[in-house]
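K.L.:
Pasting a structure below so you can have a look.
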Amino acid sequence: MIVEINPENIDKRLIQHAVDALKKGGIIIFPTDTVYSMGCDLYNKKALNSLAALKDVKLSKAHFSIICSDLSHISEYTKQIDRPTFKLLKQSLPGPFTFILQASNEIPKLFDTNRKEIGIRIPNNPIIIEIVKALGNPIATTSLHNEEDEIQDYFADPYQIYERYDDDVTMIIDGGYGNLDASTVVDCTGTEAEVIRQGIGII
């Protein structure tokens with residue numbers, strides 16, 4: 001199923017439709033401020049396993065990030081953030097960044113793993129932020145790679161996504177053409193922040 005949501009005039013009924021799908025263990029595909037991504041309710045273990053299966057990995061080996069609606073959400077899923085890191089997050093988010101932070105004790109339980117880090121995103125895209133707010137907790141997410149195209153690493157056209165993934169996911173949200181460049185990944189687990197993948201975001 002593909003649903004068109006206008007980011008300039010968001011229909012709250014369609015947002016609730018996406019939230020209902022997530023609460024039932026569904027996987028949705030959605031726009032961000034970078035590439036299109038897929039995700040599920042962070043607290044639905046069955047959905048997390050389904051998302052991992054779509055990426056052809058075990059949940060314990062998956063490196064999913066989580067999308068939060070704002071900075072106040074982050075503290076539940078990370079260890080205490082020092083002042084310079086918090087300042088960096090505050091000036092960069094919402095935006096096209098994934099920040100790798102030290103994970104709280106909550107993360108290993110959710111992902112059946114002993115991972116010590118978690119990627120945090122707060123995209124500058126009103127559609128996914130409204131979905132996360134209405135859900136009431138973050139969603140686990142991963143980028144939508146386009147393995148069939150030698151030129152494009154990611155999908156940009158929602159209808160190409162529909163043709164490829166309609167049978168695999170519960171809902172595809174058409175929020176317009178996406179970007180073809182991913183987020184900038186910044187590792188904040190050491191003494192200084194380090195860009196480990198340069199994407200759209202400029203620190």
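The values are calculated or read from the model by the stated rules, or taken from the named source; none is laboratory data. Please read these numbers as outputs of a predicted model, since none were measured by experiment. Every residue, glycine among them, receives a Cβ derived from its backbone with ideal geometry; neighbour counts consider all protein chains shown.
K.L.:
It is to be established whether one or more residues within the range 136-157 are in a helix (DSSP H, G or I) and surrounded by fewer than 21 Cβ atoms within 10 Å (Cβ to Cβ).
P.N.:
No, the range 136-157 has no match at all.
K.L.:
Do the conditions hold for residue 167, that is, is it at pLDDT 90 or above and more than 29 Å from residue 89 (Cα to Cα)?
P.N.:
It is true that residue 167 is at pLDDT 90 or above and more than 29 Å from residue 89 (Cα to Cα).
K.L.:
In the range 7-40, how many residues are within 19 Å of residue 177 (Cβ to Cβ), part of a loop (DSSP other than H, G, I, E, B), in contact (Cβ under 8 Å) with a residue 12 or more places away in the chain and not acidic (Asp, Glu)?
P.N.:
Total satisfying the criteria: 7.
K.L.:
Related question: Select, from 80, 91, 102, the only residue that is in contact with a Lys or Arg (Cβ under 6 Å, 6 or more places away or on another chain), surrounded by fewer than 21 Cβ atoms within 10 Å (Cβ to Cβ) and either at pLDDT 90 or above or under 15 Å from residue 18 (Cβ atoms) (or both).
P.N.:
Of the residues listed, the single one that is in contact with a Lys or Arg (Cβ under 6 Å, 6 or more places away or on another chain), surrounded by fewer than 21 Cβ atoms within 10 Å (Cβ to Cβ) and either at pLDDT 90 or above or under 15 Å from residue 18 (Cβ atoms) (or both) is 102.
K.L.:
Taking only pairs six or more apart or across chains, which ones have beta-carbon atoms under 6 Å, a first residue in the range 189-203 that is on the phi < 0 side of the Ramachandran plot, and a second residue that is at pLDDT below 90?
P.N.:
Close Cβ pairs (under 6 Å, with a partner that is at pLDDT below 90) amount to 199/181; 199/182; 200/181.
K.L.:
Being within 22 Å of residue 200 (Cα to Cα), touching a residue at least 24 places away in the same chain (Cβ under 8 Å), touching a helix residue (DSSP H, G or I) at 6+ places or on another chain (Cβ under 8 Å) and not in a strand (DSSP E or B) is the filter here; which residues of the range 158-179 pass it?
P.N.:
Within the range 158-179, 175, 176, 178 qualify.
K.L.:
Could you list, in sequence order, all residues of the range 75-108 that are aliphatic (A, V, I, L, M) and in contact with a Ser or Thr (Cβ under 9 Å, 6 or more places away or on another chain)?
P.N.:
81, 100, 101, 103, 107
K.L.:
Answer yes if at least one residue in the range 57-67 is touching a Ser or Thr at 6+ places or on another chain (Cβ under 6 Å) and surrounded by fewer than 20 Cβ atoms within 10 Å (Cβ to Cβ), and no otherwise.
P.N.:
Yes; the residues of the range 57-67 include at least one that is touching a Ser or Thr at 6+ places or on another chain (Cβ under 6 Å) and surrounded by fewer than 20 Cβ atoms within 10 Å (Cβ to Cβ).
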